[in-house]
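Reviewing the structure listed below.
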Amino acid sequence: MARQTLVVDASVGIKWFSAVGEAHESEARALLLEYARGRLNLVVPELFFHEISNALVHKKSLSIEQLLAAMTTLCALNMVTFPVNAERLRTAAQLARKADITEYEACYAVAAIENGCPLITANPRHQSKAFGCEVIPIEQWR
């Protein structure tokens, strides 16, 4: 059976490092577990790592040791990284204007469009936008 490919955005990825009980944290961790078991392919734009890192840097409840360990863990996941290029930047910029979202947010949709797969998000703003790809709220993923 072929593994399903999904693009996950930073709103999902940050939940992998969140406190137990945070909204939709368990669904995000279940998705990560399915990936770790080899049942899913996860694709993320390069931006994903910076967004997660930035969010964790600003979590004052994390010690510097915990922060650095999280960065190591994040990179060790070995997700498929969707690199930036001029065409993808232009496509993301056009989508951002059309959907009234940030260019950062549009990068995830471009990755999903090019990979012909759904975008999984915990961001309610994305769940009602026409991105040109299937958008699945994390709580509905399965």
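Values quoted throughout were computed directly from the atomic coordinates according to the rules given, and no laboratory measurement underlies them. These figures come from a predicted structure and were not determined experimentally. Heads up, the Cβs are rebuilt from the backbone with ideal geometry, glycines too, and the neighbour counts pull from every protein chain shown.
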Test of understanding: ordering I14, I136 by Cβ neighbours within 10 Å, fewest first, what list do you get? I136, I14
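Between N54 and A30, how high is the FRET efficiency from 1/(1 + (r/R0)^6) when r is the Cβ-Cβ distance and R₀ = 35 Å? Nearest 0.05.
Rounded to the nearest 0.05, the efficiency is 0.90.
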Any residue on another chain or 5+ positions along whose placed amide H is under 5 Å from the amide H of F82 is listed here as V44, E46
Give the label of the value calculated from the structure for Cα extents along the principal axes in Å, choosing from [x] 40, 36, 26; [y] 46, 31, 23; [z] 187, 24, 13. [x]
If R0 = 30 Å, then T73 and E103, at their Cβ-Cβ distance, give a FRET efficiency to the nearest 0.05 of 0.65
Place a point 7 Å from the Cα of S63 in the direction of its beta carbon; the residues of the range 1-36 whose amide N falls under 19 Å from it are 17-20
